[in-house]
Amino acid sequence: MAKDKKNYNPFKSLIWKSIFRTAVPTEKRGRMMQVLNNVFLHLHPVAVPKHSVKVKYTWCMGGLTFFVFLVLTVTGVLLMFYYRPTVENAYTDIIDLGETTPLGIMREIHRWGAHLMVITVWLHMFRVFMTGAYKPPREFNWAIGVILLVLTMLLSFTGYLLPWDQLAIWAITVGSNMAAATPLLGREGPGAALVSIGDINLVTPQSDAKFGLLGESEVRGMALLRFYVFHCVAFPLVAVVFMAVHFWRVRKDGGVSGPM
Amino acid sequence: MSDNAPDKQISDATQVSRRGFISWMSIGWLTFAATMGGFATMVGRFLFPNVLFEPSQSFKAGVPEEYQPNSVSTAFKAKQRVWIVRTDDRIFALLAKCTHLGCTPNWLANENKFKCPCHGSGFRITGINYEGPAPRPLERVQISLADDGRIQLDKAVTFRHEKGDWEHPDSYLMV
C-alpha cells in the first residue's frame with residue numbers, strides 16, 4: 001500500500017481523466033487532443049501560423065473586441081444588481097451607481113467599454129478590409145462580421161436609453177422615429193395608408209413598427225423595460241451565437257489570413 | 001452483390017422504402033416548419049399588448065368657449081402632447097412634435113412662437129415653420145365637436161399643411 005501511495009500520479013487519476021478526457025500531454029498529438037477535447041478551446045485553432053500572432057499584422061483587434069465584450073458582460077451583470085428599469089428608479093439608480101455603490105467606477109467601465117468596443121470593432125473591420133481578409137474563402141465570415149457590427153450598434157443603441165436622462169430619451173425618440181418611417185408598416189412611412197381594412201387603418205401610432213420596438217406609442221416606461229430586455233438578454237444571446245460561428249469559421253477558413 | 005445478401009434477410013416490415021422515407025421526411029419537416037412559423041407568429045403577436053396603459057389617442061378637450069381668441073392652450077401638452085390653438089375664427093389642435101427629429105417644442109408666449117429646445121426650430125402660432133432645421137409645419141390632429149358640445153380630438157388622424165390638408169373640415173372648428 002505504501003508503495004502505491006508513493007507512485008500515485010494525480011495526472012493519471014480517474015478524476016483528471018474524467019474532467020480532461022486525455023492524460024497530461026507529453027507530445028504534440030496529446031496537446032492537440034487537449035485543445036480539441038475542451039469546449040472552450042475547440043473554437044480556436046489547435047495550431048496557428050506564425051504570422052497570425054504578429055501584432056503588427058492583426059493589431060489583435062478581433063481578440064480585443066472579444067475581450068471588451070467579456071468585460072462588458074461581467075460589468076453589465078454586476079450593474080443589473082443595482083439598476084431597476086422603471087421610470088421611477090432608472091435615473092437615480094444610475095446616479096447611485098456612481099455616488100453610493102462600492103467601486104462606483106463599475107458603471108463607467110461599462111460605458112467606456114461600450115465606446116471602446118465600437119472603436120475596436122471598427123478597427124478590426126478596417127484591418128480585415130486592408131489586408132484583403134474578406135476575400136474567398138472568408139467572404140461568408142465577413143458577412144457574419146457585418147451582422148456582429150450591427151449587433152454591436154444595437155447593443156450601444158439600447159444601452160443608450162437606460163440612464164433615462166434627457167439625452168437618452170430624445171436620442172431614442174429620434175432613433176425610433178426611423179421605425180415610424182418604415183414603408184407600409186410605419187405610421188409615417190410611405191404606403192402606410194394602404195394597409196387598411198375598409199375605413200379602418202391598421203397602421204396607427206398604437207400598432208406600427210415603432211410601437212413594436214417601444215411597446216407603446218412614445219418613449220416611456222414600457223420602452224425602457226423593452227430596451228432593457230433587448231440590451232441585457234436578447235442581443236447578447238444572439239451576439240454570442242454569431243461570435244461562436246465567427247471564431248469557428250476563422251479556424252475553418254484556414255486561420256488568420258496571411259500576408260500577400 | 002452476394003456480400004450484401006445477409007441484408008436482404010431483414011423482413012419487409014422493418015424495411016423503409018425510398019418513397020416512404022421521403023414522404024415521412026417531408027411530413028416531418030413541414031410539421032416542424034409550421035410549428036416554428038406558428039411560434040414566430042406568437043412571438044410577434046406577444047409584443048403587441050391588448051391593453052395599453054397610456055392615454056387614448058382620442059380624447060375630449062373641454063368646450064370651445066374655454067379657449068381665448070388668439071391664444072395657445074398648453075393644458076393638454078404634458079398628457080396628450082397637443083396644443084389647442086384658437087385664432088380669430090378657428091380652433092385647431094397642433095401636435096407638439098417637432099417635424100425635424102421629433103422633440104417636443106415649447107410655446108413661448110412672449111415671443112409668440114413655438115420653439116424646439118433640441119435644434120432651435122421655430123414655428124408660428126399657426127404651426128408654420130420659419131426658423132431652424134424643421135423642414136415642414138407642425139401637424140394638426142383631427143378635431144370635431146362631440147354630441148355633448150365638447151371638443152373631440154383624435155391624434156391617430158393628422159393633417160399636414162404641405163399636403164393641403166389644413167383646409168380639410170376635420171382639421172379645424174369654426175367658432
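The values are calculated or read from the model by the stated rules, or taken from the named source; none is laboratory data. Here the structure is a predicted model, which means the values were calculated and not measured. Reconstructed Cβ throughout: ideal geometry from the backbone, glycine too, with neighbour counts over all protein chains shown.
Close contacts from the stretch B:42-63, counting a first residue that is on the phi > 0 side of the Ramachandran plot and a second that is surrounded by 10 or more Cβ atoms within 10 Å (Cβ to Cβ) and charged (D, E, K, R), with Cβ to Cβ under 7 Å and a gap of 6+ residues or different chains, come to B:Gly62/B:Arg150.
The number of residues in the stretch A:81-100 being without any contact (Cβ under 8 Å) to a residue 24 or more places away in the chain and aromatic (Phe, Trp, Tyr) comes to 2.
Within the stretch A:102-125, track down each residue that is surrounded by 17 or more Cβ atoms within 10 Å (Cβ to Cβ) and more than 27 Å from A:Gly62 (Cβ to Cβ). Correct list: empty. Among the residues of the stretch B:44-61, write down those that are more than 14 Å from A:Gly212 (Cβ to Cβ) and of a type outside the set (Ser, Thr, Tyr). Those that are more than 14 Å from A:Gly212 (Cβ to Cβ) and of a type outside the set (Ser, Thr, Tyr): B:Asn50, B:Val51, B:Phe53, B:Glu54, B:Pro55, B:Gln57, B:Phe59, B:Lys60, B:Ala61. Flag: B:Ala96 matches the condition of being closer than 24 Å to A:Asn177 by Cα and in contact (Cβ under 8 Å) with a residue 12 or more places away in the chain. Where helices (runs of 4 or more DSSP H) fall entirely within the stretch A:186-256, those with at least 1 residues that are among the aliphatic types (A, V, I, L, M), surrounded by 18 or more Cβ atoms within 10 Å (Cβ to Cβ) and away from every other protein chain (no Cβ under 14 Å) are at A:235-252. Suppose we filter the stretch B:64-85 for residues that are away from every other protein chain (no Cβ under 14 Å), farther than 13 Å from B:Trp107 by Cβ and touching a Leu at 6+ places or on another chain (Cβ under 9 Å); how many remain? Matching residues across the stretch B:64-85 total 1.
The rows are residues; the columns are (1) among the β-branched types (Val, Ile, Thr); (2) modelled with pLDDT of 85 or more.
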{"site": "A:Pro10", "(1), (2)": "no, no"}
{"site": "A:Thr26", "(1), (2)": "yes, yes"}
{"site": "A:Met33", "(1), (2)": "no, yes"}
{"site": "A:Val39", "(1), (2)": "yes, yes"}
{"site": "A:His44", "(1), (2)": "no, no"}
{"site": "A:Met61", "(1), (2)": "no, yes"}
{"site": "A:Leu64", "(1), (2)": "no, yes"}
{"site": "A:Leu79", "(1), (2)": "no, yes"}
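When A:Trp170 is tested against (1) aromatic (Phe, Trp, Tyr); (2) within 11 Å of another protein chain (Cβ to nearest Cβ); (3) at positive phi, only condition (3) is not met.
Counting the residues of the stretch B:41-73 that are within 19 Å of B:Leu94 (Cβ to Cβ), over 15 Å from the mean Cα position of the chain (by Cα) and of a type outside the set (A, V, I, L, M) gives 11. Evaluate the following for A:Arg226: is it under 30 Å from B:Ala78 (Cα atoms), without any contact (Cβ under 8 Å) to a residue 24 or more places away in the chain and among the basic types (Lys, Arg)? Considered against the rule, which asks whether it is under 30 Å from B:Ala78 (Cα atoms), without any contact (Cβ under 8 Å) to a residue 24 or more places away in the chain and among the basic types (Lys, Arg), A:Arg226 comes out as yes. Regarding the stretch B:45-56, can at least one residue be identified that is away from chain A (no Cβ under 14 Å) and either more than 25 Å from B:Asp165 (Cα to Cα) or surrounded by 14 or more Cβ atoms within 10 Å (Cβ to Cβ) (or both)? There is no residue in the stretch B:45-56 that is away from chain A (no Cβ under 14 Å) and either more than 25 Å from B:Asp165 (Cα to Cα) or surrounded by 14 or more Cβ atoms within 10 Å (Cβ to Cβ) (or both).
Here the condition is being in contact with a helix residue (DSSP H, G or I) (Cβ under 9 Å, 6 or more places away or on another chain), modelled with pLDDT of 90 or more and under 20 Å from A:Thr73 (Cα atoms); of A:Arg220, A:Arg226, it holds for A:Arg226 alone.
Filtering the stretch A:159-185 to residues that are touching a residue at least 60 places away in the same chain (Cβ under 8 Å), surrounded by 17 or more Cβ atoms within 10 Å (Cβ to Cβ) and part of a loop (DSSP other than H, G, I, E, B) leaves A:Leu162, A:Pro163, A:Trp164.
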